Amino acid sequence: MLASLININKYYNGNQVLNNVSLTIDESDKIGLVGNNGCGKSTLLKILTGSVDPDRTTEKDGIVSLASKTTIGYLEQMGGLNSENTVIEEMRSVFAPIHRAIDRLREIEIEIEMGDNSSADEYQQLSSWVEANDGYNTDVKIRTILNGMGFTGDDLNRTVSGFSGGEKTRLCISRLLLEEPNLLILDEPTNHLDFKTIMWLEDYLRSYKGAVLIVSHDRYFLDRLCTSICEIERGTLTRYKGNYTAFVRQREESDARREKEYEMQQKQIAQMEDYVARNLVRASTTKMAQSRRKQLEKMERIEKPFHDTKSAKIRFTYGIEPPLDVLKVKGVDISVGEGSSRKTLVDEIDFEVRRGEKIGIIGDNGIGKSTLLKIIQEKLPHKGLVRWNSNIKISYFEQESTNLNKALTVMEELHSRYPSMSELEVRSLLAQVRLVGENVFKETGVISGGERAKLCFAIMMQEHGNVLILDEPTNHLDLSSKEAIEEALQEYTGTVIFVSHDRYLLSKIADRLIELTDGSFREHNYGFEKYLDVLRDEQAEQKRIADAEKFAKAAEAAKEKQVKTYRSKQQRSADAARKNEMRRLEKEIDELQAKIDALSEEITKEEVYSDYELMNSKCAEIDALKQKMDENFELLIEMEG
């Protein structure tokens, strides 16, 4: 056991967010924590990490227990980094104790060379500790993690402050993985990752030696990684075995079972109450009626199953039927910046869109996906042709919601766009996307990203576009809202062009894909699942070709070696003598190393390092042996040349 929570309660402004929540985390657990936004997931994580205290009414409430061996690493949604450091400095800071130990070892080595052996014990202890912590491979670990998280060698010497918000999140994850805590807590780790990086992170975490507790709305991620799912609903936590798909199935079965048990008990209660009402006043049956009434009083009532009616009701419609050919893009460049700083990401891209198609645009971060969406709407300058057919009405969902006026309230934003709508109609529309209560009177600049997304969906519902262009529509949504937008897009009969890293959304919605690569693009006339199969086949083929090239090089080298064997007797005799001498030198090097190892062991003994003259003699002997070994190595190198 690494951590245990018992009877955790938390209140905010008089509302109970967590109600007697209990959770045990063992060493190998991979737990997904799910629930609607605001249900208390982040609060529970903060209580577990000690940054927030639970509310306690008795001594048995609010118990947070951590094992002595537990080390916690916590990635919050807005993790912190030292913005003045370079990337390599920030990552190396994780290993500061190891680097200090290695520096001290170098100091002791100089002291011993100068004849001061007073720190020999310290040297042995530090050496053992550094080796036990794999201290000489820290840069290899750093480069492995950074490469997996999408950073190249060119990024290592860049200052942290120069990276975007999404890149900083990836750096935070990288640093946390290098720290290797045995309880890793991640709050929405995939929000700013492309799906290739997410797939790498999934594989890494699946083999992670410690426990992992994750808050995530990425169902693919939860499916591939988690061994159990914990759902927080109405303040209570329920744990289900298996991944996300298993959780959904078990929850549905549990809900159906509880519904049936509740209905059966209600039927039983009704029958008993009817019997009591009819027989209580009759002398012959009074005792039986009283007995039934006592049974009713003692009966443990099953609570009526809770049906979440709070999921958003999103529906996109249009009135104008577009023509069969919707859009033609020919010879268009994807470029960013202006003037001398303008950079071309893709020189030319060509594709066509037909009525009713649902096209997913995929590719790495920074490759130009969002830029392409703006270009096809003529919002950015470009070369080539972008031609929309007649009777096209576009409705656009922007990732950062910059089209909203941050100074206006949610209600005012809608009123400003549709002044003919009554307040009741506006409130009704907002209620459909689950923007209710005080939230509708908040300024759009202060509401959450998920709430801004819902407001944008409400606006799009009123626009009645026959072409939807969406840039990361599910980024800030909780699970129920994601399901609502997916259902809306599945039912929508118009044309959809969308950018997303949400693999579940891509799998559900896209019937075609446009993949932006470094400087180019590829069209895939099939869905996302087939794309993944093709991608795996391509990677396997690339590996096969690479292996074949290695085999060919090895065969060529063997052939050259065979050719070299056909030499004169004198050449073969000289070569044999050279090889014999090399074997003699290698044997002598092994013998010298054995003597050095034996002497190194001796100088760690108290009877040696406490005798100044004997210690000096042993160290001098070691130096002589090392010098002889270096001379042999130099001779070997010359002979091999």
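Kindly sort ASP333, ASP325 by accessible area of their heavy atoms, largest first, with the probe set to 1.4 Å. Before the final figure, lay out the partial values.
On the way: ASP333 15, ASP325 80 Å².
Largest to smallest exposure gives the sequence ASP325, ASP333.
What does the convex hull of the Cα atoms come to per residue for the range 317-361, in Å³?
Values: hull volume 5.5 nm³, N = 45.
Enclosed volume per residue, from the Cα hull, is 123 Å³.
So in the chain, what percent of DSSP beta bridges are antiparallel if you round to the nearest 5?
Working: 37 of 73 bridges.
The antiparallel proportion sits near 50 percent.
Say each of GLU261 and ASP103 gets a label point 7 Å from the Cα, pointing the same way as Cα to Cβ; how far apart are those two points in nm?
Spacing of the two 7 Å Cα→Cβ label points: 6.2 nm.
Using only the Cα atoms of the chain, build the gyration tensor, take square roots of its eigenvalues as a ≥ b ≥ c, and label the shape rounded, prolate or oblate: rounded if a/c is under 1.5, else prolate if a/b is larger than b/c, else oblate.
Numbers: a/c = 2.47, a/b = 1.48, b/c = 1.67.
In terms of gyration-tensor shape, oblate.
Span-like helices, the chain: DSSP H, alpha-carbon axial extent 30 Å or more, mean Kyte-Doolittle -1.0 or greater, which ones? Could the numbers behind the result be given before it?
Numbers: long enough: 244-279 (52 Å, -1.61); 528-564 (54 Å, -1.06); 569-602 (49 Å, -1.45); 612-640 (42 Å, -0.47).
Span-like helices, by this rule, are 612-640.
Could you quote the convex hull projected area for the range 119-193, Cα atoms only and averaged over all directions, in nm²?
6.8 nm²
In straight Cα distance, which lysines are under 26 Å from LYS543, not counting same-chain residues fewer than 8 positions off?
LYS141, LYS196, LYS530, LYS553, LYS559
Would you work out the relative contact order for the chain, in percent, from Cα pairs under 8 angstrom that are 6 or more residues apart?
13 percent
Of all alpha-carbon pairs in the range 62-189, indicate the percentage at a distance above 25 angstrom. Can you show the working numbers first?
Working: 3205 of 8128 pairs.
Value for the range 62-189: 39 percent of Cα pairs lie more than 25 Å apart.
When the accessible area of the chain is computed with all protein chains present and a 1.4 Å probe, what percentage of it is carbon and sulfur? Working shown, then result.
Working: 16640 of 34870 Å².
Reported share for carbon and sulfur atoms: 48 percent.
Compute the length gained on full extension between LYS304 and ASN13: take 0.36 nm times their separation in residues and subtract their Cα-Cα distance, giving the result in nm to one decimal.
On the way: separation 291, 0.36 × 291 = 104.76 nm, distance 2.66 nm.
In short, 102.1 nm is gained.
For LYS406, which lysines qualify as cross-link partners when the Cα separation must be under 18 Å and same-chain residues fewer than eight apart are set aside?
Counting by Cα, and skipping residues close in sequence, LYS406 has these lysines nearby: LYS442, LYS454.
Straight-line reach from LYS304: which aspartates and glutamates fall under 12 Å, measuring Cα to Cα and dropping same-chain residues less than 8 apart?
Counting by Cα, and skipping residues close in sequence, LYS304 has these aspartates and glutamates nearby: ASP255, GLU259, GLU261, GLU263.
What is the calculated FRET efficiency for ARG251 to SER341, with r their C-beta to C-beta distance and R₀ = 51 Å, to the nearest 0.05? Please list the in-between numbers first.
Values: r = 52 Å, r/R0 = 1.02.
The value I calculate is 0.45.
How much length would be gained if the chain were fully extended between ASP533 and GLU621, taking 0.36 nm per residue of separation minus their Cα-Cα distance, in nm to one decimal? Please list the in-between numbers first.
Working: separation 88, 0.36 × 88 = 31.68 nm, distance 6.34 nm.
Length gained, ASP533 through GLU621: 25.3 nm.
The values are calculated or read from the model by the stated rules, or taken from the named source; none is laboratory data. Keep in mind it's a predicted model, so treat the numbers as computed, not measured. Cβ: placed from backbone, ideal geometry, glycine included. Neighbour counts: every protein chain shown. Accessible surface is based on the protein model in full, side chains and every heavy atom, while ligands, DNA and RNA are left aside. Shrake-Rupley method; radii C 1.70, N 1.55, O 1.52, S 1.80 Å.
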